[in-house]
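Here you go, one structure.
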Amino acid sequence: MGEIGRTNHEFLYELRAWQLRLIIRGYHRRSRDMWSATRWQTYNLMCVSMADIKKVGIYKPSDLLKFPWEDDTLPTGQLTDEQIEELQRQMREENARAAEAESNVGDNNSDELGQ
């Protein structure tokens, strides 16, 4: 879990599914930023070291290397109204289960203390 900055205990017992999705999304965004910076540096190095870079068809960094997330043929990730409603329903169910589990933990602790 070191890659995402979380302990095993936190990952296994404390994070909810929606929190993990946000962490993973942020990790992917940082990874994309790193790759974009690397491509930019490589492009600039090639511009300095190769006088004829445009003759080989490289006019901008994306001509050097196109990333999968820049592909215009991939779906945009737009959700339909039905998909949004289904996700909202799943989130409500997940939150209800988590709230119930948390209240059960509190009940069990008070029972153990003899209250």
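Would you tally the residues in segment 13-66 being of a type in the set (V, I, T) and within 30 Å of A99 (Cβ to Cβ)? Walk me through it before giving the result.
Step one: filter segment 13-66 for residues of a type in the set (V, I, T), giving 23-24, 38, 42, 48, 53, 56, 58.
Checking which are within 30 Å of A99 (Cβ to Cβ) leaves us with 23-24.
Residues flagged as of a type in the set (V, I, T) and within 30 Å of A99 (Cβ to Cβ) within segment 13-66 amount to 2.
With the checklist (1) under 22 Å from the mean Cα position of the chain (by Cα); (2) outside the structural domain of W35 (by TED's automatic domain parsing); (3) modelled with pLDDT of 80 or more in hand, flag the one item E100 doesn't pass.
So the condition that E100 fails would be (1).
Quick test of your reading of the structure: R89 fulfils all but one of (1) at pLDDT below 85; (2) under 26 Å from A101 (Cβ atoms); (3) in the same structural domain as E102 (by TED's automatic domain parsing). Name the failing condition by number.
(1)
Under 6 Å between Cβ atoms, which residue pairs at least 6 apart in sequence (or on different chains) link something in segment 13-34 that is farther than 22 Å from N95 by Cα with a partner that is surrounded by 11 or more Cβ atoms within 10 Å (Cβ to Cβ) and at pLDDT below 80?
Between residues of segment 13-34 that are farther than 22 Å from N95 by Cα and residues that are surrounded by 11 or more Cβ atoms within 10 Å (Cβ to Cβ) and at pLDDT below 80, the close pairs are Y27/I4.
Which one of these does I53 not meet: (1) at pLDDT below 80; (2) under 20 Å from the mean Cα position of the chain (by Cα)?
Unmet condition: (2).
The values are calculated or read from the model by the stated rules, or taken from the named source; none is laboratory data. Being a predicted model, the structure only gives us computed values, none of them experimental. Note that each Cβ is placed from the backbone with ideal geometry, even for glycine, and that neighbours are counted across all protein chains shown.
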